[in-house]
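The values are calculated or read from the model by the stated rules, or taken from the named source; none is laboratory data. Bear in mind that the values here come from a model prediction, so they are computed numbers and not experimental data. All Cβ positions, even for glycine, are placed from backbone atoms using ideal geometry, and neighbour counts span all protein chains on display.
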Amino acid sequence: MLPINASNPISFVASFIKIININMSEIINNMPRIGDIAPDFEAITTTGKLKFSEYNKGSWVIFFSHPADFTPVCTTEMSGFANEQESFFEQHNCKLMGLSIDSIHSHIAWVDNVRKNSGVLFKFPIVADIDMSVSKLWGMLQPGESETAAVRAVFFVDPTGKIRLIMYYPLNVGRNMEEIKRCLLALQTSDENKVAMPLNWTPGEKVIVPPPKTLADLEIRNNSDLEMMDFYLAKKLL
């Protein structure tokens, strides 16, 4: 803690600003970024105690937070993930993991409530983060939105443990499941084929090939059958 001289208003304000800047810097530095190795943790979940790095081994993981159990928007989102778990995510080597700042007893009761009322079962693990430790570690708790509820964060973690894509939604806006699925396929397609995806890309559409790095590459490109706007923007079907 920095010393604060309350008898000197100018010194007091300067010290207060320094404290704010230090705290904000800590918050920013603690938030995972694209390209970072996913922060590891052990936690109690609805499927038992799990260590994230072990769960992540050999597969993609979509790790997402929701504000609270027994809330309407969260129920629609979690049901959406559950409905796609086996038919889509598991088919694309991707595991799901949820989280909220609730107890394991609340999680279990909510899962059971949704199953009884809708027939949808949340089979993926949901982290019980009652002490907010995982939420803070992953930047899911954002004080400007709420100090006690996690925002709607979505982290795409590849099989090497690297964070590849991050989405944040506020408390009052539900996620777009089709966009989450599209992004997973885009990342996997890009990795497999060393290409990039243009605006609004969906599977089956043309992808962008890397630009030429030498004059020889440029000559090959100019004589190719690629769809070219110019030498630096060329597309092809996979």
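Does I101 fit the bill of being farther than 30 Å from Q188 by Cα and surrounded by fewer than 20 Cβ atoms within 10 Å (Cβ to Cβ)? If you could, list the steps in order and put the result at the bottom.
Details: farther than 30 Å from Q188 by Cα: yes; surrounded by fewer than 20 Cβ atoms within 10 Å (Cβ to Cβ): no.
Judged against the criteria, I101 is not a match.
Total residues in the range 204-238 satisfying the condition of being surrounded by fewer than 12 Cβ atoms within 10 Å (Cβ to Cβ) and either under 29 Å from F156 (Cα atoms) or in contact with a Cys (Cβ under 8 Å, 6 or more places away or on another chain) (or both): the figure is 4. Does R164 count as charged (D, E, K, R), within 13 Å of F64 (Cα to Cα), at pLDDT 95 or above and under 19 Å from the mean Cα position of the chain (by Cα)? So R164 fails the test. Within the range 69-102, being small (G, A, S) and assigned to a loop (DSSP other than H, G, I, E, B) holds for no residue.
One line per residue, one yes/no per condition, for (1) surrounded by 10 or more Cβ atoms within 10 Å (Cβ to Cβ); (2) modelled with pLDDT of 95 or more; (3) among the small types (G, A, S):
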residue: M1; (1), (2), (3): no, no, no
residue: I4; (1), (2), (3): yes, no, no
residue: F12; (1), (2), (3): yes, no, no
residue: I19; (1), (2), (3): yes, no, no
residue: S25; (1), (2), (3): yes, no, yes
residue: I34; (1), (2), (3): yes, yes, no
residue: A43; (1), (2), (3): yes, yes, yes
residue: V61; (1), (2), (3): yes, yes, no
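How many of the residues in the range 37-55 are assigned to a loop (DSSP other than H, G, I, E, B) and over 18 Å from S103 (Cα atoms)?
Of all residues in the range 37-55, those assigned to a loop (DSSP other than H, G, I, E, B) come to 38-41, 46-47.
From what is left, the residues that are over 18 Å from S103 (Cα atoms) are 38-40.
Number of matching residues: 3.
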